[in-house]
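The values are calculated or read from the model by the stated rules, or taken from the named source; none is laboratory data. From a predicted model like this one, the values you see are computed outputs, not experimental measurements. Virtual Cβ from ideal backbone geometry, glycine too; neighbours counted across all protein chains shown.
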Amino acid sequence: MRIGLILPSLDDSGVARAAASLSSLLSEHHEVHVITVYRHEPLQEWSGSFHVLDVPPASPGDGLPRRLGLFIRRILALRRIKAELELDVSVSFSEALSIQNILTAGSDRPVVSHHTVLSRNENLDDIYGRGVKALVRLTYPRAAGIICVSMESATDLTDAYGIDPRQVAVIPNHIDVDAIEGAAVLPARWKDVFTSPVILTAGRLTHAKGQWHLIRVFARLRELIPDLKLVILGDGDLREYLRGLSEDLGLKTFTGGEPGEYDVYFAGFQRNPYGFMAHSDLFVLPSLREALPLALMEAMALGTPVAAADCGGPREILAPSSDPSFKTEKTEFADYGVLLPPFDGEMRAADDELCREERLWVDTLHEIITDRKVLDSYSERARERALQFSPDAIRRRWLDFIDAVVDQG
């Protein structure tokens, strides 16, 4: 069977990592074609053949006519490449590409791979974004099937956009614990940093990831634990704002070169983040919204204790027996990690008072990181939970879903 995986790019995003991993899962049984929108240097390893629509990405400052023009160009290019490859199933990642995937369906069966909580996506609040959301309502019912990575993202689609629940299946991302453990080597130049207690976070430096809240929390934590370090993996649009905030808070801030004695380290995008994760005392996820955070699962695979904002998908990972729609308003020591109330998302300055959630995070993270018994207990349980997302289990669910989609056609 010929399967196309259609995504914007193989960049440093969680969606790109998930798509690349899926290409490896499916290529053992099917002919896989990875199709990206524009030419770039891939940051992920993929399986199968690689193709490019060769349509440039939209820029944040592009007006509606420019965005619509690119939208139409992608439709034409996608229709052409589908015909050339004679695809049987086309799996798309991102809302705009999923709409285009459905609109260009011919003999192929279009499948949506949904990785977001769409109604809370602040990137789609402008006129273009509202148009995309309207097209989701109109086109998604025509998809051969929709795979959501979490119950949170699935419920959001059905409740907020009127998608028939019978059309939606939930299949989480997989993680290969053995492969992650085998790759968990910390670069030699970083080893001295990790002789101190380290809090790690990883993700693109964007509004949705909420790293400025964690930096503000860390500044107060460091008053309580003077040798504590914060290491931030990732790059993105908020890089300069976050670095400036760190410096304005009086924190000695590493932004490049040889890592020495600093408080906060902006380590940038790391092709292999696993050594950083394995040597950290605590992995923290301060996101404002998440469907199913891959970085959180990868840290758990390495036995790193985790604390996360209760912003969607983290609850399904850390407290799987609880109601996925529940949102805590206080610290919750869940089965596999600690859940905390999500932040309000307001971008504050260094001299602004901590908000209620930030104060609670200070108290909780201090309690966790100074209690070796709590850290050791969550370390053991984290790896136990990660093993439940094994490649074999997830591969079987995807293969069964694809077979059902083709049979229905």
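Using the structure shown, decide if T158 is farther than 28 Å from R348 by Cα and touching an Asp or Glu at 6+ places or on another chain (Cβ under 8 Å). Give the steps one after another, and end with the answer.
Numbers: farther than 28 Å from R348 by Cα: yes; touching an Asp or Glu at 6+ places or on another chain (Cβ under 8 Å): yes.
Here the answer is yes, as T158 does meet what is asked.
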**OP:** Would you kindly identify the strands (runs of 3 or more DSSP E) lying entirely within the range 1-63 that contain at least 2 residues that are in contact with an Asp or Glu (Cβ under 8 Å, 6 or more places away or on another chain) and either more than 27 Å from E290 (Cα to Cα) or not aliphatic (A, V, I, L, M) (or both)?
**Re:** 2-7
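Is it the case that P259 is at pLDDT 95 or above, part of a loop (DSSP other than H, G, I, E, B) and under 25 Å from E367 (Cα atoms)?
Working: at pLDDT 95 or above: yes; part of a loop (DSSP other than H, G, I, E, B): yes; under 25 Å from E367 (Cα atoms): no.
It is false that P259 is at pLDDT 95 or above, part of a loop (DSSP other than H, G, I, E, B) and under 25 Å from E367 (Cα atoms).
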Subject >> Residue check for V374: in the same structural domain as P293 (by TED's automatic domain parsing), surrounded by fewer than 17 Cβ atoms within 10 Å (Cβ to Cβ) and of a type in the set (A, V, I, L, M, F, W, C) >> reply: yes
Original post:
Here are A134, A208: which of them is within 30 Å of D352 (Cα to Cα) and small (G, A, S)?
Top reply: A208
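Can you pull out the residues in the range 262-284 that are in a strand (DSSP E or B) and either touching a Lys or Arg at 6+ places or on another chain (Cβ under 8 Å) or farther than 19 Å from I180 by Cα (or both)? Before the answer, list the steps.
Within the range 262-284, the first condition is being in a strand (DSSP E or B), and the residues that meet it are 264-268, 282-284.
V264, Y265, F266, A267, G268, listed by residue number.
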Original post:
When residues of the range 64-89 are filtered for being buried (at least 17 other Cβ atoms within 10 Å of the Cβ), within 17 Å of L5 (Cβ to Cβ) and of a type in the set (D, E, K, R), how many remain?
Top reply: 3
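Let me confirm something: among E353, E346, E384, E380, which residue is under 25 Å from the mean Cα position of the chain (by Cα) and over 28 Å from A18 (Cβ atoms)?
E346
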**OP:** Go through the range 167-211 and give me each residue that's among the charged types (D, E, K, R) and either outside any loop (DSSP other than H, G, I, E, B) or closer than 24 Å to A19 by Cβ (or both).
**Re:** D176, D178, E181, R189, R204, K209
Subject >> Checking H366 against (1) within 22 Å of K330 (Cα to Cα); (2) under 25 Å from the mean Cα position of the chain (by Cα), the condition it does not meet >> reply: (2)
Original post:
For the range 292-329, which residues satisfy the criterion of being in contact with an Asp or Glu (Cβ under 6 Å, 6 or more places away or on another chain) and farther than 23 Å from S377 by Cβ?
Top reply: C311, G312, P324, K327
**OP:** Go through the range 318-409 and tell me which helices (runs of 4 or more DSSP H), entirely inside it, have 1 or more residues that are modelled with pLDDT under 95.
**Re:** 391-408
Subject >> Restricting the range 281-331 to residues that are polar (S, T, N, Q) and buried (at least 24 other Cβ atoms within 10 Å of the Cβ), the residue that is farthest from the chain's Cα centre (by Cα) >> reply: T304
**OP:** Looking for whichever is assigned to a loop (DSSP other than H, G, I, E, B), within 25 Å of P187 (Cβ to Cβ) and at pLDDT 95 or above here; the options are L230, L251, L242, L214. Which one fits?
**Re:** L251
